[in-house]
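> The structure follows.
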Amino acid sequence: MRLPGLLVFCALLGAAPGCAKKGQNSPAGASVVLVLDWVPEPEFGGFYAARETGGFARHGLTVEIRGGGAGVPVVQMVAGGQAQFGIAGADEVLTARARGADVVPIFATFQTSPQGIMAHAARGYRTLGDVLKSGTLAIEPGLPYALFLKKKYGALGARIVPYDGGVARFMVDPTFAQQCFVTAEPLAARKKGGDPQVFLVADEGYDPYTGVVIVKRTWLAEHPEQVKAFVLAAREGWTAYLADPSATNLVMHKLNPAMDAETFASAAAAEEQLTRSEDAKAHGLGSMTRERWETLGVQLAEVGVVDRAPAVGDYFLPLP
């Protein structure tokens, strides 16, 4: 089962007897909220493009996009009905489901996770395993991908220090490596004259969908046409943004002036390869597969993030 199989699923729901009262599911003029898990940046460019180019409006939606930040409880907000749509990582979604949050994924922006480890190219590392053997590594050790790397490579030879969110230490210490998003810290380091070499965690076998749009399962059952409209508009928005992000970047820059125009452009360019996959090419941007969700569930259980992987059928295209 794949998305956009969801579109067929939603259409069937809309025609199914007893699913909803006549007209209840119509997206015409519907006002909804999309809450982000970070501030306005290129990783959300397609959603802003869908709003700015009229994509949401063409599909009958008025979407309020609320910027997030550290500590914003996106999953809880969606599960609690404070927002109809939210953005989260796939591992966060499964962890939340294991704890009882009844949210389901409908769209995955990044087919390849942008999470990585960056080190100085001058060190001549050939693999991520080499990076983990020596020097200093700034990483949040409790995150699922960090636990996965520890399980895969065993005891790490590098000295582990807290990740502080910047690149200042990286710029002054040639033995320093740190976690990163390929669309963020490496760009900042290069702008300052650094020589970052990035190793994607996805290449190590841990590749959760990132930038996943979630909804509450009961809300999906009650408003399938609004979900269908959102997915279609999001796909159009991302197609437009990847083709030409300039106008949308100007809008986001006004909302997030801390990021300069050059970085907006560089980050948007870096996203192209992350949003594409064979599934996305065949079934449309944002597509997902049951197999990848199953794999992620097993991995989270293996590293102890969850006691048991949530049953895929409970959250991947659940039937009301």
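The values are calculated or read from the model by the stated rules, or taken from the named source; none is laboratory data. Just so it is clear, the model here is predicted, and its values are computed rather than measured. Cβ sites come from the backbone with ideal geometry, for glycine too, and all protein chains shown count toward neighbours.
> Could you give me the residue pairs with C-beta distances under 6 Å whose first residue belongs to segment 98-125 and is without any contact (Cβ under 8 Å) to a residue 60 or more places away in the chain, whose second residue is small (Gly, Ala, Ser) wherever it lies, and which are 6+ apart or on separate chains?
Sorted first by the residue in segment 98-125, then by its partner, the pairs are 101/79.
> Return the pair list, or none, for Cβ contacts closer than 6 Å from residues in segment 290-309 that are free of Cβ contacts under 8 Å to residues at least 24 places away in the same chain and under 13 Å from residue 148 (Cα atoms) to residues that are assigned to a loop (DSSP other than H, G, I, E, B) and of a type in the set (A, V, I, L, M), at least 6 apart or on different chains.
Listed by first residue and then by second, the contacts come to 298/309; 301/309.
Residue by residue, here is whether (1) part of a loop (DSSP other than H, G, I, E, B); (2) outside the structural domain of residue 45 (by TED's automatic domain parsing); (3) of a type in the set (A, V, I, L, M, F, W, C); (4) over 19 Å from residue 184 (Cα atoms) holds:
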| residue | (1), (2), (3), (4) |
| --- | --- |
| 262 | no, no, no, no |
| 267 | no, no, yes, no |
| 270 | no, no, yes, no |
| 279 | no, no, no, yes |
| 299 | no, no, no, yes |
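> Let me ask you something else. If residue 29 satisfies all but one of (1) surrounded by fewer than 24 Cβ atoms within 10 Å (Cβ to Cβ); (2) in contact with a helix residue (DSSP H, G or I) (Cβ under 8 Å, 6 or more places away or on another chain); (3) in the same structural domain as residue 256 (by TED's automatic domain parsing); (4) not basic (Lys, Arg), what's the number of the condition it fails?
(2)
> Within segment 60-67, is even one residue of a type in the set (Asp, Glu) and farther than 22 Å from residue 285 by Cα?
Taking every residue of segment 60-67 in turn, none turns out to be of a type in the set (Asp, Glu) and farther than 22 Å from residue 285 by Cα.
> Here's a check for you: in segment 275-305, which residue that is among the β-branched types (Val, Ile, Thr) and within 20 Å of the chain's Cα centre (by Cα) is surrounded by the fewest Cβ atoms within 10 Å (Cβ to Cβ)?
298
> Report, by residue number, each residue of segment 232-248 that is part of a helix (DSSP H, G or I) and surrounded by fewer than 24 Cβ atoms within 10 Å (Cβ to Cβ).
Within segment 232-248, 232, 235, 236, 239, 240, 242, 243, 246, 247 qualify.
> What strands (runs of 3 or more DSSP E) completely inside segment 111-166 contain at least 3 residues that are surrounded by 22 or more Cβ atoms within 10 Å (Cβ to Cβ)?
Qualifying strands (runs of 3 or more DSSP E): 115-120.
> Restricting the search to segment 80-104, which residues are outside any loop (DSSP other than H, G, I, E, B) and of a type outside the set (Val, Ile, Thr)?
Answer for segment 80-104, where residues must be outside any loop (DSSP other than H, G, I, E, B) and of a type outside the set (Val, Ile, Thr): 85, 86, 88, 90, 91, 92, 94, 96, 97, 98.
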